[in-house]
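Peer 1: Have a look at this one before I ask anything.
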Amino acid sequence: MSLTDTPLAGGPSLLQERRIHTAIPGPRSQELLDRKAAAVAAGVGHTVPIEAVAAGGGVVVDADGNSLIDLGAGIAVTTVGNAHPAVVAAVQEQVARFTHTCFMISPYESYVAVAEALNRLTPGDHAKKSALFNSGAEAVENAVKIARKHTGRTAVVAFDHAYHGRTNLTMALTAKAMPYKSGFGPFAGEVYRAPLSYPFRDGLSGAEAAAKAISLMEKQIGADNVAAVIIEPIQGEGGFIVPADGFLPALVDWCRANGVVFIADEVQTGFARTGAMFASELFGIVPDLITTAKGIAGGMPLAAVTGRADIMDASHTGGLGGTYGGNPVACAAALASIDAFENDGLLERAREIGGILRARLESLQANDPRIGDVRGHGAMIAAEFVDPQTNAPDGVLTAAVAKACIAEGVIVLTCGTYGNVIRFLPPLAIGDDLLNEGLDVVAAALAAQ
Ligand SMILES: *Cc1c(COP(=O)(O)O)cnc(C)c1O
């Protein structure tokens, strides 16, 4: 790669266009993929066969000069936009000052400021505290540690289609065997699975679906044994499943009545993604604990657990932490990102993007019965593909559409237990033109199948 024919920098100054010079992968990208195959463990896959060299606004640019429309935001991470100028400036300033002290050794201000911001922004006006970590899985692990310490109980309840991470405990909480769990056990104990509300497939009201889950918890585990219920308010990897109205509030009420800690895993739904700062707000619930990561810091690795001060303080001093948790460079990026979420109209932008996505996908659905369901909120919308005769999930069609989109220079991600969902998670920095062009490509790819 030479500096003359690749972009010098990413961010919003990158030309905002779809531009395809070569087949994807082009020759330079292929060279990197060959090196990857030889040097990187086979278990680490990739969705888009390119060598990324720059990204910003609504595009990712590869080493062959192709510019792809980004409808995935690195899995809902670069919500503020890739290489957002304020994030870049905050990172540069902090990285030149100090890169690490370990917050557990020598505390610094930015960590405390991120905790204060999370305590202020998360749902509920009760006293809150936060602790910072490196990844969503680590945040989930710590939320479970805290809930167990607080309650003195051990059982943890997760749901069908759940995704909570790839560490041992979070694999146990995750529902899907392939690719996340298969062959990687034995898994952490005292994890139970309850049925979810999945309106497109179960036909139940929120109250009916909650009654099923609550009955399972009471009869198969016993309320007195349950430390925590953990759920994604809108499931991410599981297929962007939006529970029926009333499902989440009924679970929260049951938790309150039984001394169970209700944990909302907002790693994917958090930080303006759904058009609310946190998806819990869309359902009128106030979680006891909330886990965040992905969109929190504009692409820098950071995660958090935030919640009721008395629960968060349950651990003895020294019981929570980690060498890198709340790294100062990541905290600087988070403060710049949070400032953008609060002051740059990003909640409204997420709702606008959602309006465009929903209208386009629903109009496709009106003429194509293979789109069984269009669902989601804000800039987190998905289409579920089915066999029109039986409603059976059609993962083969879904994979073919996604592959064709990528070949045409549009990054789309799939998800769902049956691999039959295409999810749209564009950076909020994308323009309407690029978003619509991306959806044109999706429509053409679907029509061609
Ligand atoms: C991605 C994700 C995780 C895991 O986060 P990592 O940073 O990959 O460890 C946990 N929960 C949800 C809902 C996620 O989407």
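The values are calculated or read from the model by the stated rules, or taken from the named source; none is laboratory data. Computed from a predicted structure; not experimentally measured. A quick note on method: Cβ atoms are made from the backbone with ideal geometry, for glycine too, and the neighbour counts reach across all protein chains shown. Ligands, DNA and RNA are excluded from the accessible area calculation, which covers all protein heavy atoms including side chains. Shrake-Rupley method; radii C 1.70, N 1.55, O 1.52, S 1.80 Å.
Peer 1: If you take the residues of region 126-137 that are within 12 Å of the ligand (Cβ to nearest atom) and buried (at least 23 other Cβ atoms within 10 Å of the Cβ), which of them is nearest to Ile75 (Cα to Cα)? Can you show your working first?
Peer 2: In the first step, residues of region 126-137 are kept if they are within 12 Å of the ligand (Cβ to nearest atom); the result is 133-137.
Now drop any that are not buried (at least 23 other Cβ atoms within 10 Å of the Cβ), which leaves 133, 136-137.
Values: Phe133: 19, Gly136: 12, Ala137: 14 Å.
Here the residue is Gly136.
Peer 1: Quick one: which of Ala86, Ala42, Ala38, Ala55 is modelled with pLDDT of 95 or more and in a loop (DSSP other than H, G, I, E, B)?
Peer 2: On the way: Ala86 fails: in a loop (DSSP other than H, G, I, E, B); Ala38 fails: in a loop (DSSP other than H, G, I, E, B); Ala55 fails: in a loop (DSSP other than H, G, I, E, B).
Just a single option satisfies the conditions, and that option is Ala42.
Rundown of residues vs (1) closer than 20 Å to Asn66 by Cα; (2) open to solvent by 10 Å² or more (accessible area, probe 1.4 Å), yes/no style:
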position	(1), (2)
Ala407	yes, yes
Ile411	yes, yes
Thr414	no, yes
Pro426	yes, no
Asp440	yes, yes
Gln449	no, yes
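Peer 1: Right, next: Could you tell me how many of the residues in region 257-305 are more than 17 Å from the chain's Cα centre (by Cα) and not aliphatic (A, V, I, L, M)?
Peer 2: 7
Peer 1: Could you please let me know if Leu446 is out of contact with any Lys or Arg (no Cβ under 7 Å at 6 or more places or on another chain) and of a type in the set (A, V, I, L, M)?
Peer 2: So Leu446 fits the description; yes.
Peer 1: Next up: Could you list, in sequence order, the residues of region 60-77 that are outside any strand (DSSP E or B) and open to solvent by 10 Å² or more (accessible area, probe 1.4 Å)?
Peer 2: First, the residues of region 60-77 that are outside any strand (DSSP E or B): 63-66, 71-77.
Result: Asp64, Gly65, Gly74, Ile75, Val77.
Peer 1: Tell me yes or no: at least one residue of region 93-101 is surrounded by fewer than 20 Cβ atoms within 10 Å (Cβ to Cβ), over 28 Å from Ala131 (Cβ atoms), among the acidic types (Asp, Glu) and out of contact with any Leu (no Cβ under 8 Å at 6 or more places or on another chain). Lay out the reasoning, then the answer.
Peer 2: Our first condition is that a residue be surrounded by fewer than 20 Cβ atoms within 10 Å (Cβ to Cβ); within region 93-101, this holds for 93, 95-101.
Filter once more, so that each one left must be over 28 Å from Ala131 (Cβ atoms): none.
No, that holds for no residue.
Peer 1: Quickly run through region 160-182 and pick out the residues that are within 16 Å of the ligand (Cβ to nearest atom) and exposed (fewer than 14 other Cβ atoms within 10 Å of the Cβ).
Peer 2: Of all residues in region 160-182, those within 16 Å of the ligand (Cβ to nearest atom) come to 160-176, 179-181.
Scanning region 160-182 gives a single hit, Pro179.
Peer 1: Do we find a residue being under 21 Å from Val226 (Cα atoms) and of a type in the set (A, V, I, L, M, F, W, C) anywhere in region 116-137? Spell out the reasoning first.
Peer 2: So the first thing to find is which residues in region 116-137 are under 21 Å from Val226 (Cα atoms), and the list is 137.
Restricting the remaining residues to those that are of a type in the set (A, V, I, L, M, F, W, C) gives 137.
Within region 116-137 (the criterion being under 21 Å from Val226 (Cα atoms) and of a type in the set (A, V, I, L, M, F, W, C)), the answer is yes, since at least one residue qualifies.
Peer 1: Would you check if there is a residue in region 154-161 being part of a strand (DSSP E or B) and of a type in the set (Ser, Thr, Tyr)?
Peer 2: Step one: filter region 154-161 for residues part of a strand (DSSP E or B), giving 155-159.
Narrowing further to those that are of a type in the set (Ser, Thr, Tyr): none.
Scanning region 154-161 turns up no residue that is part of a strand (DSSP E or B) and of a type in the set (Ser, Thr, Tyr).
Peer 1: Hey, can you tell me all the residues within region 355-369 that are touching a residue at least 12 places away in the same chain (Cβ under 8 Å) and among the hydrophobic types (A, V, I, L, M, F, W, C)? Quick ask: steps written out before the conclusion?
Peer 2: Let us first name the residues in region 355-369 that are touching a residue at least 12 places away in the same chain (Cβ under 8 Å), namely 356-358, 360-362, 364-365, 368-369.
Correct list: Ile356, Leu357, Leu361, Leu364.
Peer 1: Taking region 243-263 on its own, how many of its residues are touching a residue at least 60 places away in the same chain (Cβ under 8 Å) and away from the ligand (no atom under 16 Å from the Cβ)?
Peer 2: Final tally of qualifying residues: 3.
Peer 1: Given (1) more than 16 Å from the ligand (Cβ to nearest atom); (2) within 23 Å of Ala210 (Cα to Cα), where does Val95 come up short, assuming only one miss?
Peer 2: With respect to (1) more than 16 Å from the ligand (Cβ to nearest atom); (2) within 23 Å of Ala210 (Cα to Cα), Val95 is out only on (2).
Peer 1: A further question on this structure: May I ask you to say which residue of Pro123, Pro107 is in the same structural domain as Glu232 (by TED's automatic domain parsing), modelled with pLDDT of 95 or more, surrounded by fewer than 19 Cβ atoms within 10 Å (Cβ to Cβ) and part of a loop (DSSP other than H, G, I, E, B)?
Peer 2: Values: Pro123 fails: surrounded by fewer than 19 Cβ atoms within 10 Å (Cβ to Cβ).
Only one candidate passes the filter, namely Pro107.
Peer 1: Is region 221-242 home to any residue that is under 26 Å from Val412 (Cα atoms), touching a residue at least 24 places away in the same chain (Cβ under 8 Å), away from the ligand (no atom under 13 Å from the Cβ) and out of contact with any Asp or Glu (no Cβ under 7 Å at 6 or more places or on another chain)? Break it down stepwise before answering.
Peer 2: Going residue by residue through region 221-242, those that are under 26 Å from Val412 (Cα atoms) are 231-242.
Then keep just the ones that are touching a residue at least 24 places away in the same chain (Cβ under 8 Å); that gives 231-242.
Next, from what is left, pick out any that are away from the ligand (no atom under 13 Å from the Cβ): 242.
Remaining after also requiring out of contact with any Asp or Glu (no Cβ under 7 Å at 6 or more places or on another chain): 242.
Looking for residues that are under 26 Å from Val412 (Cα atoms), touching a residue at least 24 places away in the same chain (Cβ under 8 Å), away from the ligand (no atom under 13 Å from the Cβ) and out of contact with any Asp or Glu (no Cβ under 7 Å at 6 or more places or on another chain), one finds at least one in region 221-242, hence yes.
Peer 1: So which residues in region 264-284 are closer than 9 Å to Pro233 by Cβ and within 12 Å of the ligand (Cβ to nearest atom)?
Peer 2: Ala264, Asp265, Glu266, Thr269, Ala279
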